[in-house]
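Chemist: Mind looking over this structure? Questions follow.
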Amino acid sequence: MKFTVPILDVKDLNFEVKGQSILSNISFEIFSSEYIAIIGPNGGGKTTLIRMLLGLDKPTSGEIKIFGKKLEDFKKWYKIGYVPQRASHVDSSFPATVLDIVKMGRTSQRGYLSSFSEEDKQFVQDAMLKMDVLDLSDKMIGTLSGGQRQRVMIARALASKPEILILDEPNTGVDMVSQKRFYALLKQLNRDDGITIVFITHDIGVIADDIARLFTINQKAIICNDPKQTLSCQEMSELYGIDAHSLHVHKHEH
Amino acid sequence: MLEMFSYDFMQRAFVAGIIIAVLASVSGTFVVLRRYSMISETLAHSALVGVAVGLVAGLNPLWMAVVVAILSAWLIEYLRSEFSLYSDAVLAILLSGSLAIAVIIVSLGGAFNNSLFSYLFGSILSVSSEDVITIAAFGTVALGILLIFSKELYFIAYDEEVAKTSGVKVKLLNFLLVSVVAIIIALSIRVVGSLLIGALMVIPTISALQFRVGFLKTVLISLVFALVSVFAGMTLSFYFSLPSGATIVLCVLFIFIVSLIANKR
Ligand SMILES: Nc1ncnc2c1ncn2[C@@H]1O[C@H](COP(=O)(O)OP(=O)(O)O)[C@@H](O)[C@H]1O
Ligand SMILES: [Mg+2]
């Protein structure tokens with residue numbers, strides 16, 4: 001069964017800065033083709049958690065496994081597409097067309113000397129088509145709207161044919177219509193292409209029906225496994241804030 | 001126009017100048033996009049320490065400049081990656097520290113003369129055939145490395161962390177980039193001078209960026225600007241007996257101002 005081996009396996013993760021705990025005792029598993037939403041207050045540690053999963057920050061303690069491998073031994077990074085929080089705030093003078101940016105997604109699968117192959121070009125095309133930015137191909141990245149940029153960033157991440165897509169609040173500064181379209185695209189990537197999605201967002205209401213599980217991160221984590229209870233879970237965590245963790249612990253004790 | 005090419009030293013200077021224009025502008029694109037501009041100034045001063053050692057110890061100053069600039073580049077990159085020390089302050093300290101050391105070495109060694117001066121401001125008169133060979137040899141290697149890793153370096157310039165998470169060997173490539181930049185700067189100080197090479201490396205790219213075009217076009221425009229500046233600068237310097245480095249930099253600045261005005265919006 002596909003669902004038996006988690007593709008992301010996090011155990012007892014702790015992160016401290018100068019003795020102060022930022023994240024404590026985070027444990028969860030994420031399975032192939034799941035759509036996970038992560039919510040939580042600003043400064044709650046969502047970005048930090050993601051950065052640890054990607055090897056950008058080192059946890060103080062705990063273990064992370066990706067595709068069954070320890071993070072330190074994991075090499076196939078192209079399997080993970082990452083769109084960071086600040087992604088759509090590109091320096092507007094950066095000399096890149098949309099095509100230049102999406103091609104970056106193929107960089108690490110190319111040998112150093114070789115130029116992009118037909119296959120690379122095909123993957124780049126596919127990703128652009130999927131995110132509906134093909135017609136923007138020759139536009140400079142700095143001239144795009146927030147919504148267009150957002151889709152370009154995802155296209156770049158998709159160009160490496162990832163199995164997981166990790167998005168850190170990519171929708172800041174994007175208008176409502178673009179956001180709706182964006183959520184529909186994410187849902188499609190998850191349903192049609194089976195891509196696992198880990199999506200940090202504030203807009204939980206809109207995607208409540210799309211997601212499999214909801215994680216609330218505020219120094220600790222509570223995980224709502226039942227999609228039908230997603231909203232009540234969210235209300236719960238909003239009500240209880242940090243204390244919601246004790247609810248989680250409580251549940252375990254039974 | 002052709003008269004100046006009848007002199008051997010001008011032929012050498014032009015060959016060296018053209019190689020340097022290519023190297024400085026191509027590497028400059030990555031340097032500027034990575035916001036490393038300040039590193040080129042610092043390395044140019046570190047290279048002077050090598051020159052000083054060379055002059056005093058009777059070794060080839062150009063070779064010594066390359067060696068010391070590379071070591072300095074590694075030190076900077078090490079401080080940056082291991083201690084997250086990468087403030088302008090650190091670069092400024094290394095910059096003035098290097099200059100001070102260079103001056104002390106030269107004056108202790110009793111070589112405080114026109115030789116060091118020519119490395120500060122550049123001098124086309126003093127480019128030897130040995131220099132041209134050194135510049136061509138190291139320059140080919142440096143350019144080769146930049147071209148081989150251009151995709152990766154561009155990705156890192158765009159977003160270092162995203163590049164890292166997609167499997168690009170960011171740390172290694174950062175070391176490689178600063179090493180190559182160190183080599184290029186060390187080679188350039190003969191012709192352009194250590195006080196002025198930073199300008200030749202950075203300003204053509206900044207000018208090219210004003211045109212707001214894609215990556216490849218930006219590199220090409222910056223290359224053309226650097227070549228035109230070096231060519232024009234050397235020609236003017238020959239006919240009006242001006243110092244070569246300063247004249248080249250004034251040409252670069254002129255192109256920058258024109259680019260700025262032409263692309264004003
Ligand atoms: N390397 C670090 N050094 C100092 N503080 C950090 C570091 N990483 C994260 N933090 C702190 O951890 C907290 C969580 O931040 P973050 O993960 O960005 O939260 P979120 O993404 O949920 O808004 C913040 O208070 C932030 O200042
Ligand atoms: Mg965040």
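Chemist: Per residue, what volume in Å³ does the convex hull of the Cα atoms of the stretch A:109-173 enclose? Let's see the in-between values first.
Modeler: Working: hull volume 7.2 nm³, N = 65.
Output value, Cα hull per residue: 111 Å³.
Chemist: If the convex hull of the alpha-carbon atoms of the protein assembly as shown is projected onto planes in all directions, what is the mean projected area in square nanometres? Intermediate values should be presented prior to the final figure.
Modeler: Working: hull surface 111.6 nm².
Mean orientational projected area (the protein assembly as shown, Cα hull): 27.9 nm².
Chemist: Next question. For the stretch B:184-224, what does the convex hull of the Cα positions come to per residue, in cubic angstrom?
Modeler: Normalising the Cα hull of the stretch B:184-224 by residue number yields 61 Å³.
Chemist: With each run of n ≥ 4 DSSP H residues scored as -39500 (n - 2.57), what mean residue ellipticity at 222 nm is computed for chain B after dividing by its residue count and rounding to the nearest 500 deg cm²/dmol?
Modeler: Computed mean residue ellipticity for chain B: -26500 deg cm²/dmol.
Chemist: So what are the radius of gyration and Dmax for the Cα set of the stretch A:8-246, in Å?
Modeler: 18.0, 56
Chemist: A further question on this structure: Going by accessible area, probe 1.4 Å, with all protein chains left in place, what is the ranking of A:Thr60, A:Thr47, A:Thr216, largest first?
Modeler: Greatest to least solvent exposure: A:Thr60, A:Thr47, A:Thr216.
Chemist: Quote the relative contact order of the stretch B:23-161 in percent (integer), defining contacts as alpha-carbon pairs under 8 Å separated by 6+ residues.
Modeler: Relative CO of the stretch B:23-161 lands at 32 percent.
Chemist: Given bins 10 angstrom wide, list per bin the percent of all Cα-Cα distances in chain B, short to long.
Modeler: Answer for chain B: a P(r) of 7, 32, 36, 20, 5, 0 percent.
Chemist: Turning to a different aspect of this structure: Give the aspartates and glutamates whose C-alpha is closer than 12 Å to that of B:Lys151, dropping any in the same chain fewer than 8 places away, or say none.
Modeler: By straight Cα distance, B:Lys151 reaches A:Asp100.
Chemist: Separate question: Looking at the stretch A:8-246 only, what percent of DSSP beta bridges run antiparallel? Nearest 5 please. Each step should come with its number before you reach the end.
Modeler: Details: 20 of 37 bridges.
About 55 percent, rounded to the nearest 5.
Chemist: Hey, another quick one. Given a 1.4 Å probe, show me the residues in the stretch B:188-227 buried by at least 10 Å² of accessible surface when comparing the whole protein assembly to the chain alone.
Modeler: With the partner chains in place, the stretch B:188-227 has these residues losing at least 10 Å²: B:Leu209, B:Arg212, B:Val213, B:Gly214, B:Phe215.
Chemist: While we're on this one: Report, ordered by chain and residue number, the lysines lying within cross-link reach of A:Lys187, taken as a straight Cα distance under 23 Å and ignoring same-chain residues fewer than 8 apart.
Modeler: In chain and number order, the partners are A:Lys2, A:Lys46, A:Lys79, A:Lys130, A:Lys161, A:Lys228.
Chemist: Also, quick follow-up: Through the Karplus equation 6.51 cos²θ - 1.76 cosθ + 1.60, θ set to phi - 60°, convert the phi angles of the stretch B:181-189 into ³J(HN,Hα) values in whole Hz; use x for Gly and Pro.
Modeler: 4, 4, 4, 4, 5, 4, 5, 7, 5
Chemist: Shifting gears a bit: Using a 1.4 Å probe and ignoring any ligands, DNA or RNA, find the accessible area of A:Asp73 and quote it in Å² to the nearest 10.
Modeler: 90
Chemist: Tally the DSSP beta bridges in the protein assembly as shown and give the antiparallel ones as a percent, rounded to 5.
Modeler: If I count the DSSP bridges inside the protein assembly as shown, around 55 percent turn out antiparallel.
Chemist: Let me ask another. Name the residues of the stretch B:149-175 whose accessible area, probed at 1.4 Å, falls by at least 50 Å² once all protein chains are in place instead of their chain on its own?
Modeler: Correct list: B:Lys151, B:Tyr154, B:Phe155, B:Tyr158, B:Glu161, B:Val162, B:Thr165, B:Ser166.
Chemist: In square angstrom and rounded to 100, what buried accessible area do you get between chains A and B, total over both, with the probe at 1.4 Å?
Modeler: Adding both sides of the contact gives about 2500 Å².
Chemist: For chain B, what relative contact order do you get, as a whole percent, if you take Cα pairs closer than 8 Å and at least 6 residues apart? Don't skip to the end; give the middle numbers.
Modeler: Details: 414 pairs, mean separation 80.9, N = 265.
It comes to 31 percent, rounded to a whole number.
Chemist: Roughly speaking, to the nearest percent, how much of the protein assembly as shown's 1.4 Å accessible area is carbon and sulfur?
Modeler: In the protein assembly as shown, the share of accessible area belonging to carbon and sulfur is 62 percent.
Chemist: Over the protein assembly as shown, with the other protein chains present, what is the accessible area per residue in square angstrom, probe 1.4 angstrom? All intermediate terms of the calculation are to be shown ahead of the outcome.
Modeler: Values: 22760 Å² over 519 residues.
On a per-residue basis, 44 Å².
Chemist: Which order do A:His202, B:His45 take when ranked by solvent-accessible area (1.4 Å probe, heavy atoms of all protein chains), largest first? Write down the numbers at each step before the final one.
Modeler: Details: A:His202 105, B:His45 10 Å².
Per-residue accessible area, sorted high to low, gives A:His202, B:His45.
Chemist: Could you check the spin-label model distance between B:Asn263 and A:Arg86? Points 7 Å from the Cα along Cα→Cβ, value in nm.
Modeler: 2.2
Chemist: Can you give the average number of partner chain beta-carbon atoms within 10 Å of each beta-carbon in peptide A:103-111, as a whole number? Display every interim value, and only then the final one.
Modeler: Values: counts 4, 11, 3, 3, 10, 10, 2, 2, 1.
Across the residues of A:103-111, the mean count of other-chain Cβ atoms within 10 Å is 5.
The values are calculated or read from the model by the stated rules, or taken from the named source; none is laboratory data. The shown structure was predicted, so the numbers you read here are calculated from the model rather than taken from an experiment. Every residue, glycine as well, gets a Cβ built from its backbone with ideal geometry; the counts of neighbours run over all protein chains shown. All accessible areas refer to the heavy atoms of the entire protein, side chains included, with ligands and DNA or RNA removed. Shrake-Rupley method; radii C 1.70, N 1.55, O 1.52, S 1.80 Å.
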